[in-house]
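Participant: Okay, here's the structure, questions in a sec.
A short reminder: the numbers here are calculations on the coordinates, not readings from a lab. Remember, predicted model here, so these are calculated numbers, not experimental data. Ideal geometry is used to build each Cβ from the backbone, glycine not excepted, and the neighbour counts take in all protein chains shown.
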Amino acid sequence: MNIRLIRFVCLALTMIVLISCSGNALQTPEKFTEIPVTDTAANVSLPALSITLQAANISQGITLDTGGDVDTEVISAGNPAQEARATGNGKALSGSGNSIPDGYMQFNVDDSQLANGKPTSHVSVEVDYYDQGLDSFSLQYDALPGSGSDGLFAGGGSIFKTNTLTFKTAVFNLCDANFGNRDNGADFRISDNGDGRETIHAVRVMGLPDSASIVNVDDFGANPFDGQPDSGAIQSVLDSTCSGATIVFTSPANNPDYKGYLIDRTLFLTGMSAKHDLTFTSSDPNDHALLRASADLKGFVVRLFSRSRFSNAGDIDDINFGNIDVNGGRDVRVCLGPDQVINGVGDNWGSWLPECTVAGDPWCSPGNIGMDGALDNLDVTQDYQAHPSGWTTGVVVHDLVNSQAECGTALAFGGAAGTIQNVTIDTAGDHVHAPGCTYTDDDGDQTGWSDGITLFGPAHTVSNNTIINPSDVGIVYFGGKNTLIANNTIRVTQGNYGAFAGIALHPWSFGDVSGVQIMGNQVTSEGDTKCGGLHAGINLGPQMWGGACVSEATGAVYGNSAACSNEPDVSKVAACTSRKCQLWAYLPADGTLTMKDNTVTGANINYLVEGLDVLGQFIDRNNVSQAPRVSDWQAARSGCNGVTWGALDKVAHHPSLTGYTDLLIHCER
């Protein structure tokens, strides 16, 4: 049977793309008769269309456009060689009669079989391409108009080649295909992205029934009982589901053979395109499934999206991830290799996709859960409601245990109006850095630190979480308005465990912090006073961190532009107008910042305010400081700007506050 027909039948039966259906190397093209698929629920015949690209294209329901920037040329590729067509990669191809640079292949489907979202808007597009070079190509298509989008030239995803010099098949799952001839008169096109020509042998479009609303990953090859890697099977599900789906992972159910899902490649939850209203859960929400990192996993265990696959992350909204535990493999993964650089050489930094090119990029750190979506860090007003395409909203992470993060962060969370609730984070990174101290993680990493929660953007709720032994900051908030951080517990336990801060308001991304409430939190430290401990319990303002002097300020921060001083002039604080800026947490005249009903016990400085510009109302009420104790804070002992300090209840400088010790601290270690 022709291999293309095999794929069609396989897709029709499963409604989802499976690795086992992809076939081997392409055979010499043969004309075949498509078998239309019937959606039995609706009793509608769904189309199966194709085009084989050569000197005389074989078109069965799909035609190739010419003219403008979509001209192609016939070439031979592969072994044995076969005809195909190539894009221009910015070169005007001869024979078209125009001099316009070419970079696309543009296609039309037969309107009598598929048009204007009928008889289905769920289609699979298969592209047989010659895998030569390390460049990329992407699919753009005419999508159904939706809220905030006209659907023109919608992104269907990107493919990066690996130079195997063989033909491969890329599969794009389109859940909202309109195909109404609105993309330059066509339905979809392939872009060579200007980084290398693309050689395409065939394209197939198959109409699919409505996507299943509930999908169990085990039905597609994942198995939490066999100890074998599960990432490939799970990712095939994630790539193929549509918005509105629920993805289910199998719970242990007291089965002694349960090992959890072994993750050897980062799971990108939204697959090949921006999706919304997705739910990820366990078959029994009270008996959590487990995702556990393998020793060779590069990067995060779970990420919301892949930045190399599409760019419109602002269209990702309302993602619910809960009742699934994640173990980051701190005992088998390494943050820094023998070269002590986080670069993927002898360590677990990186990705299985080509999106990690700059060593040290935190996106690629061996962390646990990355739910940092789109945010507009040029918008000083943080108006996510007026600009929905620039923000990911409504992400919820809840009711799970997130343990043993190697470094970077246990939970990265960014966008707007999200929720983190009832999450337990148990041990993230290794704080130990003093000479002669024993590591809590024996892989030898120095500076392999990790936040518990790394938070960006406005209007979040972070409540009722427990964070045990972070090594950098328990909850670090890089700024935003109207966020509630309430009733959380941050603990540093006995031994060489330590952290820089329990809760930190550090507006490195968004300077206006009006409406932020830090309330009812419990921060405690029992860490060793020489090899661990907690430096600051609750820290407001970024200036403890090297004075908060940055050379690449974003457009949404406040500070002293083009200046850096131990005593910056608060009267000159404004939105940063230059790339170099000394940052402040900015509270405008009509704003309120609340720190209330918190208890901090056992930090070197229980409450530290350093770099807070108060024009509005700072509510500092009923914050209990108990038994401050020294930590391994090197700067406190050896001095910073000529100042040393011991264990203190409350310290404030920039501004000075009643009841606080006035002390300049611009040193984080």
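Participant: List every residue whose amide H lies under 5 Å from the amide H of Asp372, counting only residues 5 or more places away in sequence or on a different chain, with H placed 1.01 Å from N in the peptide plane.
Facilitator: Those qualifying (amide H under 5 Å, at least 5 residues apart or on another chain) are Leu304, Gly414.
Participant: Work out from phi, with θ = phi - 60° and the Karplus expression 6.51 cos²θ - 1.76 cosθ + 1.60, the ³J(HN,Hα) of each residue of the stretch 617-632, listed in order in whole Hz, and give x for Gly and Pro.
Facilitator: 10, 9, 8, 10, 9, 6, 9, 8, 10, 10, 6, x, 9, 5, 10, 8
Participant: Relative to the longest principal axis of the C-alpha atoms of the chain, give the angle of the C-alpha long axis of helix 3-14, reported between 0 and 90° and rounded to the nearest 10°.
Facilitator: 50 degrees
Participant: Which is the longest run of the chain containing none of the GluC sites (Glu not before Pro) found in DSSP loop states (not H, G, I, E, B) with at most 12 other C-beta atoms within 10 Å?
Facilitator: Of all site-free stretches, the longest is 31-551.
Participant: Can you compute the charge dipole magnitude of the stretch 314-469 about its Cα centre, using +1 on each Lys and Arg Cβ and -1 on each Asp and Glu Cβ, nothing else charged? Give it in debye, rounded to the nearest 20.
Facilitator: Dipole about the Cα centre, nearest 20: 160 debye.
Participant: Continuing with the same structure: About its Cα centre, what dipole magnitude does the chain give when the only charges are +1 on Lys and Arg Cβ and -1 on Asp and Glu Cβ, stated in debye to the nearest 20? Before the final figure, lay out each step's value.
Facilitator: Numbers: 34 positive and 73 negative charges, 115 e Å.
Roughly 560 debye, rounded to the nearest 20.
Participant: Among Ile247, Leu208, Gly151, flag the residue with its Cα farthest along the positive direction of the charge dipole of the stretch 146-301, charges on Cβ as +1 for Lys/Arg and -1 for Asp/Glu.
Facilitator: Positive-most Cα among the choices belongs to Gly151.
Participant: Related question: Let me understand the chain better: what is its radius of gyration from the alpha carbons, and its Dmax, in angstrom?
Facilitator: Looking at the chain, its Cα Rg and Dmax stand at 27.3, 84 Å.
Participant: Can I ask one more? Rounded to the nearest 20 debye, what is the charge dipole size of the stretch 439-562 about its Cα centre when +1 sits on each Lys and Arg Cβ and -1 on each Asp and Glu Cβ?
Facilitator: Numbers: 3 positive and 10 negative charges, 104 e Å.
Dipole size: approximately 500 debye.
Participant: On a 0 to 90 degree scale, rounded to 10, what angle separates helix 231-240 from the longest Cα axis of the chain?
Facilitator: Between helix and principal axis, roughly 70 degrees.
Participant: Can you find, among Met595, Gln113, Tyr258, the residue sitting farthest towards the positive end of the charge dipole of the chain, where Lys and Arg contribute +1 and Asp and Glu -1 at Cβ?
Facilitator: Final value for the positive-end residue is Met595.
Participant: Does the stretch 528-654 come out rounded, prolate or oblate, given a ≥ b ≥ c as the square roots of the eigenvalues of its C-alpha gyration tensor, rounded meaning a/c under 1.5 and, failing that, prolate meaning a/b above b/c? Write out the running numbers ahead of the final one.
Facilitator: Working: a/c = 2.60, a/b = 1.40, b/c = 1.86.
Oblate.
Participant: Picking from Thr554, Asn368, Gln543, whose Cα lies most toward the positive end of the charge dipole for the chain (charges on Cβ: Lys, Arg +1; Asp, Glu -1)?
Facilitator: Positive-end residue among those listed: Gln543.
Participant: With r defined as the distance between the Cβ atoms of Phe153 and Gln626 and R0 fixed at 45 Å, what FRET efficiency is calculated, to the nearest 0.05?
Facilitator: Calculated value: 0.15.
Participant: Can I ask one more? Quick check for the chain: number of Lys pairs with alpha-carbon distance under 27 Å, counting only pairs 8 or more apart or on different chains?
Facilitator: 20
Participant: Please report Val171, Val516, Val345, Val630 as a ranked list, fewest other C-beta atoms within 10 angstrom at the top and most at the bottom.
Facilitator: Numbers: Val171 23, Val516 26, Val345 13, Val630 18.
Lowest count first: Val345, Val630, Val171, Val516.
Participant: Cut-off is 10 Å between beta-carbons; in what order do His535, His433 appear when sorted fewest neighbours first?
Facilitator: His433, His535
Participant: Now for a different question. At a Förster distance of 56 Å, what's the computed FRET efficiency of Val341 paired with Asp210, Cβ-Cβ distance as r, to 0.05?
Facilitator: Working: r = 49 Å, r/R0 = 0.87.
Efficiency, rounded to the nearest 0.05: 0.70.
Participant: Quote the FRET efficiency, to the nearest 0.05, computed for Lys91 versus Ala589 with a Förster distance R0 of 45 Å and r equal to the Cβ-Cβ distance. Walk me through the numbers before you get to the answer.
Facilitator: Working: r = 58 Å, r/R0 = 1.28.
Approximately 0.20, to the nearest 0.05.
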